[in-house]
Every structure is written in structure tokens, then in C-alpha cells.
1. How long is the gain from Thr369 to Asp84 if the chain were fully straight, where each residue apart is worth 0.36 nm and the alpha carbon distance is subtracted?
2. How many Å² of accessible area per residue for the range 179-387, probe 1.4 Å?
3. For the range 179-387, what does the relative contact order come out to in percent, with C-alpha contacts under 8 Å and a separation of six or more?
4. Say R0 is 35 Å: what FRET efficiency, to the nearest 0.05, do Glu246 and Met298 get from their beta-carbon distance?
5. For the range 5-167, what is the accessible area per residue in Å², given a 1.4 Å probe and the full set of protein chains?
6. Carbon and sulfur: what percent of the range 179-387's accessible surface (1.4 Å probe)?
7. Would you indicate which of (1) 53; (2) 82; (3) 58 is the value of percent of Cα pairs over 27 Å apart derived from the coordinates of this structure?
8. Run the quick spin-label model on Asn390 and Lys156: label points 7 Å from Cα toward the beta carbon, then report their separation in nm to one decimal.
Amino acid sequence: MKYDRILIRYGEISTKGRNRKNFIDKLRKSVKRVLHDFPEIKVEGQRDRMFVLLNDQPHEEIIERLKGVFGIQSFSPVLKVEKDLDTMKEKALQLIQKVYQEGDTFKITAKRADKSFALDTFGINQAFGAHILTSMPSISVDVKKPSINLVIEVRKEASYISCENIKGAVGLPAGSSGKGMLMLSGGIDSPVAGYLSMKRGIEVEAVHFYSPPFTSERSKQKVIDLAEKLSRINGGVALHIVPFTEIQQLIQKQIPDNYTMTTTRRLMLRITDALREKYQGLSIITGESLGQVASQTMESMYAINEVVSTPILRPLIMMDKADIIDIAQTIDTHDISIRPFEDCCTVFVPSSPKTKPKLEKVQHFESYTDFEPYIQKAVENTEKLVIMPNSNIEKEMEDLF
């Protein structure tokens with residue numbers, strides 16, 4: 001017996017009121033995107049649920065892909081059955097026999113949206129429970145902690161029968177919260193920040209600062225591999241690789257050593273903000289965690305933030321390193337991040353970076369150099385890649401992303 005569809009239940013989308021349709025449309029697109037190589041499958045989004053019509057496709061692979069789609073509270077493979085009581089009871093029995101293992105218990109959970117149906121919820125529980133107990137003497141009822149929860153839902157158009165409830169990734173659908181530019185280094189933190197931002201419905205475009213020959217092609221490849229992992233969540237990620245060597249060398253010449261890190265971060269923000277404006281983003285996302293390094297103290301962030309008025313999102317700001325590592329391992333970016341290839345920040349880190357930089361001082365030091373032409377040059381020469389799942393990397397025209 002094959003399932004004919006998968007029922008998707010909404011999470012936060014259910015609370016969105018007048019905006020619900022927009023969120024459902026975003027979720028439908030996310031589901032279709034992760035199932036793009038199953039052309040036979042159809043996705044139907046309704047106000048209170050979504051269906052994936054399998055059309056004889058194997059449900060196991062579909063289930064694995066749906067587990068990573070943000071905006072899904074839970075989902076179940078189901079059978080759509082005509083509202084004939086005998087047919088429904090037989091299909092319910094077959095479904096339990098399909099999943100039953102020795103020692104399993106069960107209960108019936110009835111939902112009757114169609115009030116014209118012959119049995120109420122109590123009657124459904126009794127009729128189906130009796131049929132299963134009679135047909136399967138080895139199974140018993142446990143209404144508190146059953147091994148199998150058989151859900152029978154009677155609606156206007158048909159009845160739906162299922163016995164699996166699979167937890168979804170929750171969050172909000174991809175793109176439902178606008179676009180943000182993720183400052184993606186080669187470290188552990190920023191990919192996790194990108195993942196958590198995606199979970200809140202942000203369409204993420206990554207920005208990486210690359211300083212050859214001080215940073216190698218292998219460090220660049222590490223970031224591409226991290227972007228590829230993030231691309232599996234939403235089906236693709238744009239990666240902007242910024243040439244940063246000239247600016248970093250200028251900083252080393254013009255700025256006192258203990259303030260070079262502060263200026264470096266300020267110029268990175270200015271460049272990221274210029275790219276945000278170019279690609280119609282609404283925010284900048286960083287992997288900063290409070291107090292973790294010199295540039296992530298309150299004083300440093302105050303001095304660095306001053307160069308932009310754009311909202312800066314810091315999903316990790318109050319998280320411990322151990323918690324960040326746990327998420328990195330879960331999303332499979334940790335082992336890539338610890339590859340021993342340094343990025344431009346670690347290569348040029350000063351021996352004693354200022355942990356409590358003064359805004360007036362950094363402004364004073366920077367006033368002797370006009371950095372704007374260098375910023376514009378870096379933006380103009382930024383390389384844009386579109387990273388697709390499974391290492392499919394292409395240079396694309398801007399209008400494709």
C-alpha cells in the first residue's frame with residue numbers, strides 16, 4: 001500500500017492573519033524548490049494546510065527533504081479515502097498493519113471537520129478501534145503513550161488517514177522576511193548565523209572578503225563549500241567575493257596597529273552595505289558573539305557600527321561557543337570551518353588589538369585617508385557566484401538572483 005500524499009501543517013504561518021497567503025506562497029515555493037527533481041509531484045497550498053501529491057513517487061525521499069524546509073511545523077504521509085465507513089476502516093487497518101511491530105500499542109485520534117458525517121469523533125474512535133482490535137488480536141490500546149497514533153480526519157471533500165507525525169524545521173518560509181547580506185568568513189560562527197537567519201525567513205546572500213596572495217585559493221574554496229551547505233536549505237545562495245588586499249595593505253600603512261582591526265571591520269561593513277544597496281537587501285548579518293574576540297566587545301561594536309545605519313542582525317550575540325559548535329555540527333559546516341586555511345581577518349590580526357576602541361580616535365585616524373575610492377573599486381570588482389546544492393557552482397547574470 002502506497003501513500004498518495006503528504007499533509008503539511010503550518011507553524012507560525014497560522015498566526016499571520018491577512019498576510020497568511022503571502023507566507024503560504026513562500027512555503028509552497030520552498031517545497032517545490034527542494035523537490036524540483038520530482039516533476040511528477042504537485043504541491044497544493046490551502047489556507048490551513050498544504051498537500052504534496054506524490055503521484056506514485058516514493059515518499060521516503062520526499063520526507064527526508066521536507067525535514068529541512070523552514071515554515072513547516074509537522075507533516076504526515078497520508079491516504080486520501082472516500083467517506084465510506086467500510087472503506088475507511090479497511091484502509092486504516094492496512095495502514096496500521098504496514099507500520100506495526102510486535103509489542104506496539106495504538107490509539108485513535110479522530111477529527112471531524114464535516115459535521116454531516118454519520119459518526120461523531122467518539123463514534124469514529126469506537127468504530128475504528130473495535131475494527132482494529134478484532135482484526136489484530138496482538139495489538140492493544142494505550143491512550144497516553146501509544147506506539148501508533150492513528151489519525152482519522154473527516155473533511156468535506158474526503159477523509160484523510162495517517163499514523164506518522166514527523167517534526168518539521170519550524171521557523172518561517174524562505175524569503176518571507178526579506179533579504180540580508182551575510183558576512184561569511186571561513187570560521188565556525190558566520191555559517192551558523194546564516195542558518196539561523198534563514199530559519200527566520202531571511203533570503204541570505206553571502207559576502208566574503210578575500211586577500212590574495214595572503215589568503216590562498218583553498219581558503220576561498222572553504223567559503224564556497226560553506227555556502228554550498230547553506231544552499232541546501234533554500235536551494236541556492238549568492239556569494240559575493242570581495243577583493244580586499246589593497247584596502248588591507250592601506251590600513252596597515254595608515255592606521256596605528258592596535259586600531260587596524262577596528263578600521264578593517266568598519267570598511268568591511270561599508271563595502272557590505274554598498275553591496276546590500278546594490279542587490280536590494282534590507283539588513284547585514286554577522287556571526288558576532290558578545291565578548292568572543294576583540295572586535296566583538298560592546299565598545300568595539302559601538303565604534304564599528306557607526307559607519308552604517310542599516311540594521312545589523314547578530315543571531316549569535318548571546319550564545320556560548322559550545323552552543324554555536326553544536327549547531328555547526330548539526331548543519332554539517334563545522335568540519336569545513338576548521339580546515340586550517342586562514343581568512344583575511346586572521347592573517348592581518350594585530351598583536352594587541354584594541355578591545356575598547358574610542359570612536360573619536362578611529363575617526364581621527366581614518367580622516368587622513370580617503371577610503372571611498374577604494375571601497376567603490378572593491379565593490380565594482382566583486383565576483384558574484386551562485387552556489388547551488390551538491391557543489392553546482394556557476395557564475396550567473398545578476399538578474400538570475
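1. Fully extending the segment from Thr369 to Asp84 adds 94.5 nm.
2. Heavy-atom SASA per residue in the range 179-387 reads 42 Å².
3. Averaging sequence separation for qualifying contacts and normalising by length gives 34 percent for the range 179-387.
4. FRET efficiency, Glu246 to Met298: 0.70.
5. 52
6. 52
7. Recomputing percent of Cα pairs over 27 Å apart here picks out (3).
8. Between Asn390 and Lys156, the label points sit 4.1 nm apart.
The values are calculated or read from the model by the stated rules, or taken from the named source; none is laboratory data. For clarity, every value in this text was computed on a predicted model and none was experimentally measured. For neighbour counting, all protein chains shown are included, and Cβ atoms are generated from backbone atoms with ideal geometry for every residue, glycine included. Accessible surface is based on the protein model in full, side chains and every heavy atom, while ligands, DNA and RNA are left aside. Shrake-Rupley method; radii C 1.70, N 1.55, O 1.52, S 1.80 Å.
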